[in-house]
Every structure is written in structure tokens, then in C-alpha cells.
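Here the structure is laid out as C-alpha cells; the discussion comes afterwards.
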Amino acid sequence: MRILVTGGAGFIGSHLIDRLMTAGHEVICLDNFYTGRKQNVLKWMDHPYFDCIRHDVTEPIRLEVDQIYHLACPASPVHYQYNPVKTIKTNVIGTLNMLGLAKRVKARFLLASTSEIYGDPLVHPQTEDYWGNVNTIGIRSCYDEGKRVAETLSFDYHRQNNVDIRVARIFNTYGPRMLENDGRVVSNFVVQALQGIPLTVYGTGSQTRSFCYVSDLVDGLIRLMNSDYVGPVNLGNPDEYTILELAQAVQTMVNPDAELVYKPLPQDDPQRRQPDITKAKTLLHWSPTVPLQEGLTRTIADFRQRMEETNATATPSVTSA
Ligand code: NAD
Ligand code: UDP
Ligand code: UDP
């Protein structure tokens, strides 16, 4: 199959591309490199079945493909709040363009939606039939409401134009290749612990998240794409931790002497989050397999290696001729 992955040079997209290329598909990576890096897909660059296009999804593009994984959108609050209007354009105009493309070439279209569509949830754990509790005018709204419109557009193209859609609601995912300056909690804590600087806990650290390792998530995306179920389907690891517990886990694993420093809780930061994955389990026969401890070990090893490489190039050793 020829498969388009928008946002393919990003964190999840590049892991997805690895799996699709290894399975023998032809893959087109489309990315504007806002939070993605060519480095993430470098190993496929010379492969005859791989193409990488620098393109912004807010501009139309004509391609011939069988499936579209639509992931293009910054996912970290730091990056999606940097230019909130652009985040809305990416989610609305970008998703419209990719649905228009799917309609024209009759491709199956999978939207990477998010647990953020539940906002600060009043139902716990979150099931797919919960409509959410989202502030329309807050600093997270560009992302939350953007993704909600992206879901609406997907279902309207499905009902109105028979576009074959799949909608995944992805919960907090972590793993190797997250940017060092990504700003999300796992990468922040790991980088801080490795640098020997205090771990920044926002608020009291009593808010919770449920962390899914990236290989599990990618497996869920591929299963959903190739299933008969339209969705929406929650994809995430139901193991729920407070942010303080996460900080302590990273402390224990990297540097037990690392300090914690408390910073203000950002506006509208959801208090609790945990996926109900009954649908994914029963319809996709999917459930996560990598526990937090193991996923963190792999993530820490990846960050350690990258930070050592950066340090090595930043301070070249002086040799005498
Ligand atoms: P990421 O920031 O690493 O990847 C996003 C990619 O999209 C980057 O390569 C970026 O350059 C690209 N991009 C952004 N705007 C674009 C545009 N206008 N045109 C073309 N490319 C553009 O984030 P990620 O964690 O890999 O997330 C991938 C997708 O999964 C996103 O849609 C995100 O909303 C969704 N998601 C992620 C998580 C998570 O925890 N990682 C949770 C829920 C949903
Ligand atoms: N589009 C695209 N590539 C295609 C087909 C459509 O980028 O191969 C864009 C198109 O430019 C439009 C959007 O997708 O902005 C929606 O297309 P659709 O055909 O649904 O709507 P229309 O073009 O009739 O407004
Ligand atoms: N967080 C934190 N320290 C950090 C970064 C984030 O305590 O350095 C908190 C943040 O306030 C939130 C949780 O960790 O409660 C998850 O934040 P992230 O940005 O990773 O994802 P999201 O809030 O979008 O789920």
C-alpha cells in the first residue's frame, strides 16, 4: 500500500513510519518540520519506497495514496501555544485539506485526535461517549477545540462524502525521540534529571496522567486503521500516576539526589486523566504491554545517548597537529 503520514517527522509519526516501512509499505512523510526533525526519518531517506515532502498541511496538496495517517499538529502545550492561531489553522484547514485529499483518491483516513477533547474531565475514567468539559476561550483551546473540530470534520466527510475515516483519541504518549525542549512532562523530567537540575513540578503534582509507551500506541493506531471500526477509540495506557509519582520514578531511576522545584500550575491544566480502553480491547484486541518502568528505562537511555552526542559536538576536543 502507499501510505501518507502527515507529521511523519515528529515523535509518534516517525515511530509509525518505522513500523510501516518495516512492513514493506510505500510511505510518504509530509511535514513542515515545526516540531519534527529530519533526523527522525533519516534512515529511510535513500530507501526507494520512501518519500519525504516539506509541506504545510494548511496548503492543499495532490497526492495518490491508499491510506492517510493524519498526525500533523504540535502536541506539546509549549509548542501549540507558541502560535495558537496557527495551531487552529493546522487542525481545521489542515484536516480539511487531508479529508479533501482522502475524498478525491478514496483513501482511508485516520485522525490522530486526543484525550484533550475531554478537557478537564468530569467523568473518570474517560469513555468515548463522554462529551467533555472544554473551556472554549482558554490557552489550551486552540488545541482542544481544534481537535474537536477535526473530529467533527472527519465525521461530516464520512456522512456527507462517504470518506472512510478512523478516529483515535490518543492519551499521553512518551518514548524515545521526544524533543529535549519538547516541554511535556516526561521529557522535561528526564532531561532535568540527566542535567542534574531540579525537576519542575507544576502545582502540587497531585494531578494525574496515564502514560502510554510509543510502541504500544503505534500498534493501536495500525490496528485501528486496518479494522472495520470507525471510532472514536481511546488509545492509551490506563495505568494512572500523579505527576509527583512520575517525578519520583524519574528521580529514582536517574538521580536520587535530584531536587524537585514547584512551579505554578498552568491555566486549565486537567486534574485527572485515565482512558477507559474497553473499546480498544474488545474491537481491536489491543492493550498496552510496556509498563512505565520499562518505558522510562528505554526513554532515559535514548535521551542520555542524544545528550552525550550533543555535548560531544558542542565541545570538540582540541588536538595538536
Ligand atoms: P510532534 O510535535 O512530535 O509531531 C507533530 C508533527 O507534525 C511534527 O513533525 C511537526 O513538525 C508536524 N507539523 C505540525 N504542524 C504542521 C503543519 N501545519 N504541516 C505539516 N506538518 C506539521 O507530536 P507527537 O507527539 O508526535 O503527536 C503527533 C500527533 O498525535 C499530533 O496530532 C498530536 O495532537 C497527537 N497526539 C499526541 C499525543 C502525545 O501524547 N504524544 C497525545 C494525543 C494526541
Ligand atoms: N484538497 C487537497 N488535495 C486534494 C483534494 C482536495 O488538498 O487532492 C483540498 C482542497 O484544496 C480543499 C479541501 O481539500 O481546500 C477540501 O476539498 P473538497 O473537495 O472536500 O472541497 P472543495 O474543494 O469542494 O471546497
Ligand atoms: N508538568 C509538570 N512539569 C513539567 C511539565 C508538565 O508538572 O515540567 C505537568 C503539567 O502541568 C500537567 C502534566 O504534567 O499536569 C502533563 O503535562 P504535559 O504537558 O506533558 O501534557 P498534558 O498537560 O497536555 O497532558
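Here, each number is a calculation from the coordinates, and none is a lab measurement. All of these numbers come straight from a predicted model, not from anything done at the bench. For neighbour counting, all protein chains shown are included, and Cβ atoms are generated from backbone atoms with ideal geometry for every residue, glycine included.
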* Close pairs from the range 52-63: first without any contact (Cβ under 8 Å) to a residue 40 or more places away in the chain and under 16 Å from Ile88 (Cα atoms), partner among the polar types (S, T, N, Q) and assigned to a loop (DSSP other than H, G, I, E, B), Cβ under 6 Å, at least 6 apart -> Asp56/Asn32
* Asp56 versus (1) within 16 Å of ligand 2 (Cβ to nearest atom); (2) touching a Leu at 6+ places or on another chain (Cβ under 6 Å): which is the lone unmet condition? -> (2)
* To do: With the condition kept exactly as written, say whether any residue in the range 18-30 is surrounded by 24 or more Cβ atoms within 10 Å (Cβ to Cβ), among the hydroxyl-bearing types (Ser, Thr, Tyr) and more than 8 Å from ligand 1 (Cβ to nearest atom).
  => no
* Asked: Just for the range 68-101: of the residues that are surrounded by fewer than 21 Cβ atoms within 10 Å (Cβ to Cβ) and not in a helix (DSSP H, G or I), which one is farthest from ligand 1 (Cβ to nearest atom)?
  -> Gln81
* For the range 102-205, which fully contained strands (runs of 3 or more DSSP E) count at least 3 residues that are among the β-branched types (Val, Ile, Thr) and more than 16 Å from ligand 3 (Cβ to nearest atom)? -> none
* **Candidate set from the range 195-215 (those that are surrounded by 14 or more Cβ atoms within 10 Å (Cβ to Cβ) and of a type in the set (Gly, Ala, Ser)); member that is farthest from Tyr241 (Cα to Cα)** => Ser215
* To do: Could you give me the residue pairs with C-beta distances under 7 Å whose first residue belongs to the range 174-193 and is under 14 Å from Leu260 (Cα atoms), whose second residue is among the acidic types (Asp, Glu) and more than 8 Å from ligand 3 (Cβ to nearest atom) wherever it lies, and which are 6+ apart or on separate chains?
  => Val191/Glu180
* Asked: Under the condition of being over 13 Å from the mean Cα position of the chain (by Cα) and more than 16 Å from ligand 2 (Cβ to nearest atom), which residue from the range 165-182 is farthest from Gln81 (Cα to Cα)?
  -> Arg166
* Structure fact -> Residue hits (the range 21-51; within 18 Å of the chain's Cα centre (by Cα), touching a residue at least 24 places away in the same chain (Cβ under 8 Å) and not in a strand (DSSP E or B)) are Asn32, Phe33, Tyr34, Thr35, Gly36, Arg37, Lys38, Asn40, Val41
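Please verify whether Ala193 is under 23 Å from Ala72 (Cβ atoms), among the hydrophobic types (A, V, I, L, M, F, W, C) and away from ligand 2 (no atom under 16 Å from the Cβ), treating the condition exactly as stated. Before you say what the answer is, go through the steps one by one.
Values: under 23 Å from Ala72 (Cβ atoms): no; among the hydrophobic types (A, V, I, L, M, F, W, C): yes; away from ligand 2 (no atom under 16 Å from the Cβ): yes.
No.
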